Structure formats: C-alpha cells, structure tokens
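Peer 1: Handing you a structure now.
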Amino acid sequence: RRRTFQIKAMAKVRICPKEFVVSEDLRQEVTRAKKELKVLDEETNRRLALNLLEEDYFRMGQLIECVCCFGNCVFDNMAQCMEGHLVCVDCL
C-alpha cells in the first residue's frame, strides 16, 4: 500500500511548470547544437549514400580508375580536366 500511495503522490507533482524560463545563452546553445547535429546527420547520410553507390558500381564493374592515384572511384566522385582525364576528388 505504501508503494501505491507514493506513486499517486508523485503523479500529482509537476515536474516542469508551464512558465519555464530559459536564459538566452542556453537558448542559443541549444540552437547551435541542433544545427551541428543537422550538419552531422547530412554528412553521415552523404557518406552512406556514397558507400552504397560505390558497392553498386563495384558489383557492376563500373568503377573508374583515377589517373593520379590509380584508385578505383565512383564517377560521381571524379572530376575531369580539360584534356579529358578523370581524377578523384581526393587527388584534387
């Protein structure tokens, strides 16, 4: 019975009042942290998509060799010079 009473008593306690005051510094910090998380999520999604694309190119035998480092790369991750040579973005 004590446990039931304690649970009922706790249910009546307000954890967060309706008018919760947040300092401007904290509000700015939270906003900045949310922006950083969004950028990290976008970068993670971009890397994941590139890895999946690279696996597909590998399975189909469509990887292209970089003329600088001789590594196999996805076409989307390559740049072309005026003479038509394909170079990976890592070598740029």
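Peer 1: Within the range 53-65, work out how many residues are open to solvent by 90 Å² or more (accessible area, probe 1.4 Å) and in a helix (DSSP H, G or I). Steps first, please.
Peer 2: Within the range 53-65, the subset open to solvent by 90 Å² or more (accessible area, probe 1.4 Å) is 55, 58-60, 62, 65.
Still in the running and in a helix (DSSP H, G or I): 55, 58-60.
Residues that pass the stated criteria total 4.
Peer 1: What tally of residues in the range 25-73 results from selecting those that are in contact (Cβ under 8 Å) with a residue 24 or more places away in the chain and in contact with a Cys (Cβ under 7 Å, 6 or more places away or on another chain)? Walk me through it before giving the result.
Peer 2: First pass over the range 25-73, keeping only residues in contact (Cβ under 8 Å) with a residue 24 or more places away in the chain: 50, 66.
Keeping just the survivors that are in contact with a Cys (Cβ under 7 Å, 6 or more places away or on another chain) gives 66.
Adding up the residues that qualify gives 1.
Peer 1: Suppose we keep only residues that are free of Cβ contacts under 8 Å to residues at least 24 places away in the same chain and closer than 14 Å to Leu63 by Cβ within the range 74-89. Which one would you say is most open to solvent (accessible area, probe 1.4 Å)?
Peer 2: Phe75
Residues checked against (1) modelled with pLDDT of 85 or more; (2) closer than 30 Å to His85 by Cα; (3) over 24 Å from the mean Cα position of the chain (by Cα):
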{"site": "Glu24", "(1), (2), (3)": "no, no, yes"}
{"site": "Arg32", "(1), (2), (3)": "yes, no, no"}
{"site": "Val39", "(1), (2), (3)": "no, no, no"}
{"site": "Gln62", "(1), (2), (3)": "yes, yes, yes"}
{"site": "Cys66", "(1), (2), (3)": "yes, yes, yes"}
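The values are calculated or read from the model by the stated rules, or taken from the named source; none is laboratory data. None of these values were measured; they are calculated from a predicted model. Using ideal geometry, Cβ is built from the backbone for each residue, glycine included, and neighbour counts are taken over all protein chains shown. Note: areas computed on protein heavy atoms with side chains; ligands, DNA, RNA excluded. Shrake-Rupley method; radii C 1.70, N 1.55, O 1.52, S 1.80 Å.
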